[in-house]
Each structure stands twice: as structure tokens, then as C-alpha cells.
1. Could you pull the Rg and Dmax for the chain, using just the Cα atoms, both in Å?
2. Can you give the extra length, in nm with one decimal, that the chain gains between PHE79 and ILE91 once fully stretched, where that is 0.36 nm per residue apart less the Cα-Cα distance?
3. List THR184, THR97, THR236 from most exposed to least, where exposure is judged by having the fewest other Cβ atoms within 10 Å.
4. Kindly provide the Kirkwood hydrodynamic radius of region 72-216 in Å, to one decimal, from all pairs of distinct alpha carbon atoms.
5. Can you tell me, using C-alpha contacts under 8 Å and at least 6 residues apart, the relative contact order of region 87-141 as a whole percent?
6. What are the ³J(HN,Hα) couplings of region 230-236, residue after residue, when phi is run through the Karplus curve with 6.51, -1.76, 1.60 and θ = phi - 60°? Round to Hz, x for glycine and proline.
7. If you average over every viewing direction, what projected area does the convex hull of the Cα atoms of region 46-98 give, in nm²?
8. In debye, nearest 20: dipole of region 7-241 around its Cα centre with unit charges on the Cβ of K, R (+) and D, E (-)?
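Derivation of every value follows stated rules applied to the coordinates shown; laboratory data play no part. Everything numeric in this text was worked out from a predicted model, so none of it was measured. Neighbour counts are summed over all protein chains in view; Cβ atoms, including those assigned to glycine, are modelled from backbone coordinates with ideal geometry.
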Amino acid sequence: MLLKDKVAVITGGAGINGLGYATARLMAEQGARVVVLDLAQADPAAAAARIGSQHLGLVADVTDKASCETAAAAILQQFGRIDILVNNAGITQPVKTLEITGADYDRILDVSLRGTLYMSQAVLPAMRAQQNGSIICISSVSAQRGGGILGGPHYSAAKAGVLGLARAMAREFGPEGIRVNSITPGLIGTDIIKGKLTEEKKAEIAETIPLARLGRADDIGGACVFLGSDLSQYCTGITLDVNGGMLIH
């Protein structure tokens, strides 16, 4: 098993059809003890229980530093270590540049970018004590192509910020055995696009992708397993495109 005896924390992981839950499930299958973090209404405890009784679900708001620190302390009390963090929590909004309000901007950036910082800060002391750890930041193809299919410019800005933050952390903490990498998903068939694209539109988009299909949550989960495992032990500061080839440079 690739993640035997490792403790993996996934933010925004309770949505049954989401990237976070798929990642949690696949990491558990590879031997990790998984901690699902999410807001109370998402019921992270129930999500963790669906994966298995040995896993943990905690309520946490990644935009609140104290909430992140409380979650990290509870994980350390339960499992004694934190080996992997997947900064998955994020929200989007399909608006144009001139329509973005200050409140919109703050809300989108707070979850994706501030949340990535706060949760990383919460787990880094434990990883430094271990002199080992893997932080995986979920960005988006929209950060690279200048806009997505559903997300507005502020979403692209937030996800581009995630890439810069991850690289800076990789440079800072590499000497202590902590790796920090990013994944840029393409269009993935999760609840975030449910009801927003017709089947015809999805088919049109699939025709522009070399692998001829939209992504699945497990596609991202598998990449997270790789980056969390020792198979990627010489990878840090990288951006791993998982988009079926839609952004071949």
C-alpha cells in the first residue's frame, strides 16, 4: 500500500461527488488514516464514516485560522502525526470582470487562497517536527489559461495565487523534508458543474480534449495519492496538470 500508516487530511472533503471525497477514499484504500474536514452543513463525520470507522471527520472553516489550528490539534491528539495535507476546499462564481464586487472577491479568495495558507500553517509545525510531509494544493486549469468555463476572473486569480503560494512554501520547507506541490484539474464532472452545463455542451467540450472526455473525481484523487506517496519523493514545487491534455503547451 502506497500510504500505509500515513495520516492524510483533506479540506472540503465531505461532498460525496467531489474531488476531496474521492481523494479521501482513494487514500484510505492505499492504507492512509483519513481526516475529512468540511463545514458543519456538509457533515464531515458522516463522510468519514462512509469511508470506514477508523477515519475521522471534523468540522473546520479554512477561512478561520483558529478553526484550522483547532482541527490540527484534534488530529494530532487522535493520530499523533500529520503526513499529508490536501488543500482542496474552494468555491467558484461565474461572473465577468466588471460584475465582481468586493464581497465576491473576498469570498472566493478567502476559501481558495487564504484557506490554503491557514490550513498549511496549521499542519506545518507537526510536519517540521517529523522532518517529513506532503502538502498538495488544488489549483485549476483556469489559473493557467486565464479563465475557466465556469469560474470568474477572481476564481482564476485565487487559483493562480495558490500556485505561487505552493511554490514559495516548497522552496521554504524543502530543506526540512516537506514537499509542496499543486494539481491543476481541468473540467471535472463533479457537483460544482451540476445543472450548469447541458449534455450537449459537455460533449462539445469533450471534443476539444485530447483524451476525449471530461475528468472524473478519481482522476484527481489518483494524482493526489501519487503526490502524497513516496513515489513522488523527489517532486516539490511542481504543477501537475490533470486535464486530459486540454492545456497542452
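1. 17.0, 52
2. Details: separation 12, 0.36 × 12 = 4.32 nm, distance 2.92 nm.
Result: 1.4 nm gained on full extension.
3. Going from least to most buried by this count: THR97, THR236, THR184.
4. 16.6
5. Reported relative contact order: 51 percent.
6. 6, 4, 10, 5, 10, 10, 8
7. 5.6
8. Working: 20 positive and 22 negative charges, 43 e Å.
That gives a dipole near 200 debye.
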